Amino acid sequence: MPIESAEALTGKDVVGIAQLDPGEIQLILNTAGELLEVAKRPIKKVPALRGATVVNLFMEASTRTRFSFEVAEKRLSADTLNFSASSSSVSKGETLVDTARNLMAMAPDYIVIRHPNVGAPHRLAEVVPASIINAGDGINEHPTQALLDAFTMRQRFGRLEGLKVVIAGDIRHSRVARSNAFLLNKMGAEVRFAAPASLLPVEVEDLGVETHLRLEPALEGADVVMMLRIQLERQGAVNFPSLREYYDFFALTEDRLALAAPDAVVMHPGPMNRGVEIDSLVADGERSLILNQVTNGVAVRMAILYLLAGGRGESTADS
Amino acid sequence: MTIDGVSRSGLVQIMDEQGMEFTIARMAAQIVERDGGDIMLVGIHTRGIPLADRLAARIAETTGSEVTVGRLDITLYRDDVGPWRPAHKQPVLKDTVLPKSIDNRIVYLVDDVLYTGRTIRAALGTMIDYGRTRAVRLAVLVDRGHRELPIAADVVGKTVATSRSEDVQVHLREVDGDDGVWIGAGEEAEDAD
């Protein structure tokens, strides 16, 4: 591997890919590679985080990310507390920082947070001593998703460097696309965005990616094709004329996939809209790694939890 | 045993290449004598792994049948990982490979040095999560004493009286490029794991 693994994470938190250096990313991916095996054991649990408490603070709807974190926490023997927006005091008007300070009174070691506002995890990281893990903040970042995507690519190709990765769909509303672009750039992959102009973010040039307004040219020779969900709930019918038209121009079909490299793989962070951004034949086809992504997500989250248990990692007690 | 007293930077050699070969041959013979060849050897990272391979080769020579060899990473079962303060570097994880089920088998854990016993405590915890063995036994190249837990080895290559401040260094050619065991003051030298 060209990028050497760091010995430890330097921060107490994982709030974004932007804050990680390539060596730290490599360390997380390597650690996840070893933790993948835990799921194959007869007893799928190890005692590494025995006695640790994790608060899962989900202020925005989530099923797979929340479940994935919860499974990861439980496989490491941590105790978990789940907080969701609808059932919590946040709906009674409490501020995020107040909620977090109250939670700290219960001495959690980690807070996993998903929040509709950009920067909420970063703010929390400043005010509480617990390790903060960002599970998605607004349209900013979703670092654990990007890490599991990278892990899945590396598992298939044995490397990230030089891979041609297409990310297509609703990039404007996608923290997954942003985190992936940051990560893949840092690790030496080539990122191409493909979307109608109305679904590209305004500052897209700053992300250091190649952009395409049509899917076909982006697919040329691609190794990985990652399709993003059309966020039906965020479409005020203004971004494109109809779902049918979107399908006609941007859906990943078998014909379009044939433009990519012969061993290209298909990924999707889920949940999928079949027949909108991805055709069922492709989603269920043999090049699809969509379910591998879910399995790998648990290992990547376990890796982050494990590595952050060292604290800031500046002094060593390894013997 | 040969104590040739070769000194290098304050270290005294207590086992040379040939001595190690004899020692491993004797350990293999003791294992066969006790349990026959139908056993599984599991090396503990890092130097337990080549040791387990060498023991397996010796046992196969004597009994004529293949010996299953696995490897174990005990990191997730250590008593010094976890959300502890003060801050520390979390140890790097390595792979665990048990090529066959350990259920109802006699399994030998293999390591280079037996010291506090904490590694073996963690290894036993790991094994229990993989299945229910008929028996777990322990084979070590060097027993240097100073146990902190009630753990003893079944097969010992060499017992060495040490003080806590001394450092025991086992070199195996697969990992270190040469074979031998050295003992020294060990203030500056740090154990690999």
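For region A:1-45, compute the orientation-averaged projected area of the C-alpha convex hull (one quarter of its surface), in nm².
Value for region A:1-45: 4.1 nm².
With only Lys, Arg, Asp and Glu charged, each at its Cβ (+1 for the first two, -1 for the last two), find how big the charge dipole of chain A is about the Cα centre; round to the nearest 20 debye.
940 debye
Return B:D154, B:D95 ranked ascending by Cβ neighbour count within 10 Å, so the fewest neighbours appear first.
Going from sparsest to densest Cβ surroundings: B:D95, B:D154.
Hey, fewest Cβ within 10 Å first, where do A:K164, B:K158 land in order?
So the ranking, lowest neighbour count to highest, is B:K158, A:K164.
Could you check what % of the DSSP bridge pairs in region B:140-189 are antiparallel, to the nearest 5?
Counting only bridges with both partners in region B:140-189, antiparallel ones make up about 60 percent.
Across peptide A:40-51, what mean number of C-beta atoms from other chains lies inside 10 Å of a residue's C-beta?
Across A:40-51, the average partner-chain Cβ count within 10 Å equals 5.
Provide the FRET efficiency to the nearest 0.05 for the A:K92-B:R134 pair, computing r from the beta carbons and using R0 = 45 Å.
0.15
How large is the dipole of region A:16-81 about the Cα centre if only Lys and Arg carry +1 and Asp and Glu carry -1, each at its Cβ, rounded to the nearest 20 debye?
440 debye
What's the average, rounded to a whole number, of partner chain beta-carbon atoms within 10 Å of each residue's beta-carbon in A:24-31?
The mean count of partner-chain Cβ atoms within 10 Å per residue comes to 1.
In what order do B:S163, A:S62 fall by count of nearby beta-carbon atoms within 10 Å, going from fewest to most?
Going from sparsest to densest Cβ surroundings: B:S163, A:S62.
Using the alpha carbon gyration tensor of region A:250-312, what are the three equivalent-ellipsoid semi-axes (square root of 5 times each eigenvalue), largest first, in whole Å?
They are 31, 12, 9 Å, listed from largest to smallest.
When the Cα atoms of region B:86-193 are enclosed in a convex hull and the volume is divided per residue, what value in Å³ results?
Dividing the Cα hull volume of region B:86-193 by its residue count gives 147 Å³.
Take A:D79 and A:N292, extend 7 Å from each Cα along the Cα→Cβ direction, and tell me the distance between the two endpoints in nm.
Roughly 3.9 nm, to one decimal.
Normalised by the empirical 2.2 N^0.38 Å for globular proteins, what value does the Cα Rg of region B:1-156 take?
For region B:1-156, the normalised Cα radius of gyration is 1.10.
Report the antiparallel proportion of the DSSP beta bridges in the protein assembly as shown as a percent, rounded to a multiple of 5.
So the antiparallel bridges in the protein assembly as shown amount to around 20 percent.
Note the direction-averaged projected area, equal to a quarter of the hull surface, for the Cα convex hull of region A:1-111, in nm².
8.7 nm²
Between 0 and 90 degrees, rounded to the nearest ten: what's the tilt of helix A:22-35 against the longest Cα principal axis of chain A?
80 degrees
Helix-only estimate, please: 222 nm mean residue ellipticity of chain B, summing -39500 (n - 2.57) across DSSP H runs of length 4 or more and dividing by its residues, to the nearest 500.
-8500 deg cm²/dmol
Percent of Cα-Cα pairs per 10 Å bin, from 0 to the last occupied bin, for the protein assembly as shown, please list those.
4, 17, 24, 21, 16, 11, 6, 1, 0
Which of the lysines could be linked to B:K89 by a straight reach, that is with a Cα gap under 23 Å, when you skip same-chain ones fewer than 8 residues away?
Those lysines meeting the cut-off are A:K12, A:K45, A:K74.
As I understand it, the value is the acute angle between the Cα axis of helix A:64-75 and the longest principal axis of the Cα atoms of chain A; what does it come to in degrees, rounded to 10?
The answer is roughly 40 degrees.
Treating only the Cα positions of region A:190-300 as identical point scatterers, give the base-10 log of I(q)/I(0) from the Debye formula at each q in 0.14 Å⁻¹.
Cα-only, vacuum Debye calculation for region A:190-300: -0.58.
Computed from the coordinates by the stated procedures, all read-outs in this text should not be read as laboratory data. Just so you know, these numbers come straight off a predicted model, no measurement behind them. Every residue, glycine among them, receives a Cβ derived from its backbone with ideal geometry; neighbour counts consider all protein chains shown.
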